[in-house]
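Written out below as structure tokens is the structure these notes cover.
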Amino acid sequence: MLQSMRIIGGKPLNGEITISGAKNLALPALVAALLSDSEIILRNVPKLADINSLLGLLEFLGCDINYLDDHSISLKTDKIKSTEAPYDFVRKMRASILVLGPLVSRFKKASVSLPGGCAIGARGVDLHIKALELMGAQISIENGYIKAQAEKGLFGCDITFPIVTVTGTENALMAAVLAKGTTRVTNAAMEPEVIAFCNLLNKMGAKIAGHGTPIITIEGVESLRGTKFEIIPDRIETGTYAIAAALTNGKLLLKNCVYDDLFTFFEALQSAGIACEKDGLNNVLVYRKEGEIRPVDIQTAPYPGFPTDLQAQYSVLMSICSGTATVTENIFENRFMHVPELNRMGANIAIHGKTVVITAVKKLFGAQVMATDLRASVSLILAGLVADGETVVNRIYHLDRGYENIDKKLTECGANIERFSV
Ligand code: UD1
């Protein structure tokens, strides 16, 4: 049954929201369990549809999975049942491509369906494939599957990514940790999730250096051991709720988040007149400093730039600012699917190639809108929170892929929002 969300807008959000673990770290961290025959325990794993999809795939491959509590998972892959990631798993989530590297490095072969996932541009996996080929894997595409083999194992080499790819870097890392010799990844992703992922692999016995810089060096080892590891807070969830506070003219204390991992985003918000104050080690307090929100142009870029995953939400904020702002999307093509829906709610956003020009309006109005991809969906929820009247966001299953208990978290801060089935 399809679910929708009904929101009556206009209520300022006040109170506290505890940020969940980062989806974009939890996914590769779960996959890393394929690299070892010992137990990996992950804590602070968010409860999300994407996590469930991936756990389904890992179980299919032969991983023993046990929930120790709501957010702690034990994984052990002492024997493998299959080295094939079938279409039915992979089509639900593009990040399933992450199993390619560890399957080839530990089990010498893999067959992974070409992924589906968010409909935001071409999002090829050519760079993942190229990295493995450079390490000695033989790869062909047959019937929609990537078939990879490395009978003699993988070998360290130099990999230079022409563009920054987050999961591509992670796949190369998982292939390289068990390869013979040293691998150097140049133009590697520097996202906090990638740094944390390297920390996890090192705790498992990998020899990785340089993470957090564009050049990561990996000295291959024979095998990896088990470990316990805590998932870092979700930056994108943090940023989304920060915008919710600013939009509704409320005041939210975001708990258990890392200010420095989002500093470019918080800088933009501060220029727009939004206070984003560190409160102790792990909290950020967000509220409007002045009545008005100032227009501030942004461009998305790989870390440490403005995150593409916060672009749609930021566009909602600029929709009710005091002037005209531009948002330029440099990572993905076709990531403006929220724009026509926001315009139906009264926003004035014009798309010019990879830039949108947002001319502020006095008010947004409630409407029936359709969620498309994950971040577009949450931007419609945000718009609903500040719009006059009732907004119904249909097809919200995208939201549950990336936001744990979003309706509950918002309700507890005063939002009028409810989920219903149609
Ligand atoms: C990850 C994040 C996603 C985020 C994105 C960019 C996870 C699970 N997801 O996605 O939330 O929006 O980073 O920060 O971590 N590309 C190719 N060929 C490839 C790989 C990528 O052309 O083989 C292109 C993509 O189409 C895109 C760009 O590279 O234009 C960056 O994508 P990438 O960093 O790989 O995104 P994901 O890792 O899929």
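Just a few scattered comments:
- Counting only DSSP beta bridges with both residues in the chain, the antiparallel share comes to about 70 percent.
- Diffusion coefficient, µm² s⁻¹, Stokes-Einstein with Kirkwood Rh over alpha-carbon pairs of the chain at 20 °C and 1.002 mPa s: 98 µm²/s
- log10 of Debye I(q)/I(0), alpha-carbon scatterers only, for the stretch 12-67 at 0.19 Å⁻¹: -0.67
- The largest-to-smallest principal axis extents of the Cα set in the stretch 25-230 are 41, 37, 33 Å.
- Surface per residue (accessible, 1.4 Å probe) for the chain, Å²: 38 Å²
- Separation of alpha-carbon centers, the stretch 336-368 and the stretch 159-234, rounded to whole Å: 39 Å
- The apolar share of the surface of the chain, taken as the fraction of accessible area on carbon and sulfur atoms (1.4 Å probe, ligands and nucleic acids excluded), comes to 50 percent.
- Charge dipole (the chain, unit charges on Cβ, about Cα centre) - positive-most of Gln138, Leu285, Ala245: Gln138
- The dipole here belongs to the stretch 9-63: it is taken about the Cα centre, uses +1 on the Cβ of Lys and Arg and -1 on the Cβ of Asp and Glu, and is about 300 debye.
- Rh by Kirkwood over Cα pairs, then Stokes-Einstein D for the stretch 236-354 at 1.567 mPa s and 4 °C, µm²/s: 89 µm²/s
- Counting only protein heavy atoms and using a 1.4 Å probe, the accessible area of Phe60 comes to about 80 Å².
- The C-alpha radius of gyration of the stretch 172-309, expressed as a fraction of 2.2 N^0.38 Å, stands at 1.29.
- Charged side chains reduced to their Cβ positions (Lys and Arg at +1, Asp and Glu at -1) give the stretch 112-246 a dipole of some 240 debye around its Cα centre.
- Under Stokes-Einstein, with the Kirkwood radius over Cα pairs as Rh, the value for the stretch 1-132 at 4 °C and 1.567 mPa s is 79 µm²/s.
- Point-charge dipole on Cβ atoms (K/R +1, D/E -1) for the chain, about Cα centre, debye to 20: 300 debye
- The stretch 213-269 - convex hull of alpha carbons, volume per residue in Å³: 109 Å³
The values are calculated or read from the model by the stated rules, or taken from the named source; none is laboratory data. Here the structure is a predicted model, which means the values were calculated and not measured. Here the Cβ is made from the backbone with ideal geometry for all residues, glycine too, and neighbour counts use every protein chain on show. Heavy atoms of the whole protein, side chains included, go into the accessibility calculation; ligands, DNA and RNA do not. Shrake-Rupley method; radii C 1.70, N 1.55, O 1.52, S 1.80 Å.
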